[in-house]
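First up is the structure itself, then whatever we jot down about it.
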Amino acid sequence: MADKTTTTAVRRRSGRSSGFVWGRKHLLGLEDLEPAELLHVLDTAAGFKSVSTRSIKKVPALRGKVVVNLFFEDSTRTRTSFTLSAQRLSADVIDFTGKSSSVNKGETLVDTARNIEAMGVDIMVLRHAAAGAPHLLARKVGCSVVNAGDGAHEHPTQGLLDLFTIREIKKKVEGLTVAIVGDIAHSRVARSNIFALRKLGARIILVGPRTLVPDQMRQLGAEISHDLDAVLPACDVVNMLRIQFERLQSAAFPSVEEYSRLFGLHAERLRLARPDLLVLHPGPINRGLELDSAVADGPHSGILRQVTNGLAVRMAVLYLVHQAALAVNGK
Ligand code: NCD
């Protein structure tokens, strides 16, 4: 794959026969990343985190560079987070949403992207309903491509920010038991989390109704349970996923009340959990369905920490892919 070639090229160029060098010009998913690469992004993000606490929240790493957000699906926090991250690196940022674009006039994704690239773009951040769309773009454009969510496939920066938050709060990842609860079948967040957490040695239990937790997910190295109460006492972390109503083809459970009773996290159910349980949610939350407000806003919640950490992680990703592009393209 192009990414592997890139890694090798940078290793050679750097003249280092051993030791880790980030060499990916694109970030398309976490499935291919090696543990050392995951750790390198987390360490780079930790370095960037302090920028957010300064009175002048900017570093010049991407000064004179252009980042374009190409979002063909709804998003609030991911798009804002990428915009702010790019701005904190001093890049110029263009927001481009599918709803107001020439794609509605029949232009293909690749044509749109190539036209935008011709305006001198360095990094494209793509969110698209089709799995594999960023991989296609990465083959067709010369600039860096970062996947901001492709269908139900991957959402690598969400996986990385979840990992960052877990490591920051728990001080480790290896040996932790992490339950991912809810709509696993339609969740790119679940897939990116599973890939990353497995590589760093966590135990993963996928929990939800049979209709939303397909048995094939075991092949990704996760355990499966349909009983949250049985799993909760063993968990260090629970990542509660949103029910993706927009992706459901038919009713996946009899009623939202029943879903909430069996798989929602509310104050009473939390009594089964360890006192230091960390509760995550990628947002947006269906309050009262996956999470009660008492839990979402309570002492176990790491949800706003995730949002804060998302900035540092996306700064790290934009910075690293650009460094790799410089090494490969020599510009
Ligand atoms: C996630 C997404 O879009 O995949 N949200 C996000 O990136 N903040 C999860 C979701 O929509 O449920």
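The values are calculated or read from the model by the stated rules, or taken from the named source; none is laboratory data. Model, not experiment: these values are computed from the prediction. Positions of Cβ are generated from backbone atoms using ideal geometry, with glycine treated the same way; all protein chains shown enter the neighbour counts. Just so you know, the surface numbers come from the protein's heavy atoms only, side chains and all, with ligands and any DNA or RNA stripped out. Shrake-Rupley method; radii C 1.70, N 1.55, O 1.52, S 1.80 Å.
Things to note:
- Within the chain: Cβ-based charge dipole about Cα centre, in debye rounded to nearest 20 (Lys, Arg +1; Asp, Glu -1): 1360
- If you plug the beta carbon distance of His226 and Thr308 into 1/(1 + (r/R0)^6) with R0 = 22 Å, you get a FRET efficiency near 0.10.
- Here each label is just a point 7 Å from Cα along the line to Cβ, and for Thr80 and Ser55 those points are 2.6 nm apart.
- At a probe radius of 1.4 angstrom, the accessible area of the chain per residue rounds to 43 square angstrom.
- With each label modelled as a point 7 angstrom along the Cα→C-beta vector, the Ala118-Arg287 pair spans 4.8 nm.
- Of the solvent-accessible surface of the chain, computed with a 1.4 Å probe over protein heavy atoms with every protein chain present, carbon and sulfur atoms account for 51 percent.
- Rough spin-label spacing in nm, given labels placed 7 Å along Cα→Cβ, for Leu262 and Thr211: 0.9
- For His266, net neighbour charge (Lys/Arg +1, Asp/Glu -1) across residues whose Cβ lies under 15 Å away: -3
- Helical contribution to [θ] at 222 nm, DSSP H n ≥ 4, -39,500 (n - 2.57), averaged over the chain, rounded to 500: -12000 deg cm²/dmol
- Restraint check, Lys58/Lys172; Lys49/Lys171; Lys49/Lys170; Lys57/Lys172; Lys25/Lys140, Cα-Cα greater than 22 Å: Lys58/Lys172; Lys57/Lys172
- Here Arg63 and Phe20 are evaluated by their C-beta separation; at R0 = 35 Å the FRET efficiency comes out at 0.85.
- At least 24 Å along the helix axis (C-alpha) and Kyte average at least -1.0, DSSP helices within the chain: 303-329
- Dipole check for region 156-307: with +1 at the C-beta of Lys and Arg, -1 at the C-beta of Asp and Glu, and the Cα centre as origin, the magnitude is about 520 Debye.
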